[in-house]
Amino acid sequence: MTTPVTTPVTVPPTGTTDVALTVQQTARPTGFPVPDHFRFVESAVPEPAPGTALVENLYWSVDPYHREMMDGDFELDAPLEGRTLGRVVASRDPALREGEIVFHRRGWRTHSVVRPAETRRLPHHDGVPLSAHLSLFGGTGLTAYVGLTRIARLREGDDVFVSAAAGGVGTATGRLARLLGAGRLVGSAGSAAKVAYLKEQVGYDEAFDYHEGPVAGQLAKAAPDGIDLFVDNVGGEHLGAAIGALRRRGRVVRIGTVGQYNTPDAPPVLFDHADVVEKSLRIEGFLVSDHRDVQEELYAFAVPHLLGGRLALDETVVDGFERIVEAFLSMLRGGNTGKMIIRKA
């Protein structure tokens, strides 16, 4: 599916394949970033040095964690980084063959010079779209799979609540949890349309729009008997409500805090801290980069389900690199369903 994005952005004309574009961050935002926090820079297509290869990028991922990195991790006036798929077009290293498609993290640019150690070859599976390697089989799907299998250690019949359930990680979590034997699936989302999508397309048993009232009350209605597991992409009120709803020996998997990335003055999470002890709860966060060894297991589990029609991709695809900033800003305001991906026009 494709969700249109309308935020204006100024892009220099290219007009020739000899021109490369990169996106740079120009200032640190307070609250939501705006187009003025970025600029497109035009340059000649770089030449690969010995031991490197030139990659023409085809697909780009924009992710919520990019907003957090804008506060200090990204250098100003330098190309941004991000997950990307591209084709090797000129190589000066035999480990990178011209014509092959590789995954790398030197994104937010039309052309990248990479070393073999900075890339990952993509496995070939007939019938698997290339974009899937940035969504279900990329960091998004791997985050969901690791969260369920390694951190939560999902048990058959566990009742699961997922915040930001209509986003990339949320949709992947719902679909994978269902295949892994979860019981009742409940999700929160930011609109009635997304609530309907979760229930009609992704397989959630119940979902609610968190704008419609206090999360604790809506969760109690959606899961009146409580939950065993909370997969948290948001933090804040959702986290507090979930801790109250968890049964004995419940688990919280902390993946992200997107609800606070753009609101640095948000109030702290409120919950009964005694619940953590009295219900023997476990709260654990993780970085997917620490679990790259699970990638092959994800392929082995998910590819047959995808090819067999038991698993689907949830993607919002925006065409044109010149729209990458628009897509990123739209994603931060909930303009996507599933994973937000930019595709070379």
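Give the distance, in whole Å, between the Cα centre of segment 155-203 and the Cα centre of segment 305-345. Using only Cα atoms, the two centres lie 18 Å from each other. Charge dipole (Cα centre; +1 on Lys/Arg Cβ, -1 on Asp/Glu Cβ; no other charges) of segment 139-289 amounts to roughly 520 debye. Here the calculated FRET efficiency for R105 and D18, from their Cβ-Cβ distance with R0 = 22 Å, stands at 0.35, rounded to the nearest 0.05.
The longest stretch of the chain left intact once loop-based GluC sites (Glu not before Pro) with at most 16 other Cβ atoms within 10 Å are removed from consideration, loops following DSSP, is 157-345. Selection among F74, G86, V294 by position relative to the dipole of the chain gives V294 as farthest towards the positive end (Cβ unit charges, Cα centre).
Placing dummy labels 7 Å off each Cα toward the beta-carbon, the span from A345 to V269 is 4.2 nm. The ranking of K279, K339 by Cβ neighbour count inside 10 Å, starting from the fewest, reads K279, K339. Taking the DSSP beta bridges with both ends in the chain, the antiparallel portion is around 55 percent. Since only P116, L134, Y145 are under comparison, the one whose Cα sits farthest along the positive direction of the charge dipole of segment 100-160, derived from C-beta charges on Lys, Arg, Asp and Glu, is P116. The S43 and A220 beta-carbon pair, evaluated with R₀ = 56 Å, returns a calculated FRET efficiency of approximately 0.50.
Legend: distances between Cα atoms for K194/K279; K279/K339; K199/K221; K199/K344; pairs beyond 27 Å are K194/K279; K279/K339; K199/K344. Annotation: the residues H125, H291, H211, sorted from fewest to most other C-beta atoms within 10 Å of their own C-beta, follow the order H211, H125, H291.
Read-outs: derived from the displayed coordinates by stated rules, not from any lab. Computed from a predicted structure; not experimentally measured. Here Cβ is always computed from backbone atoms with ideal geometry, including for glycine, and neighbour counts include all displayed protein chains.
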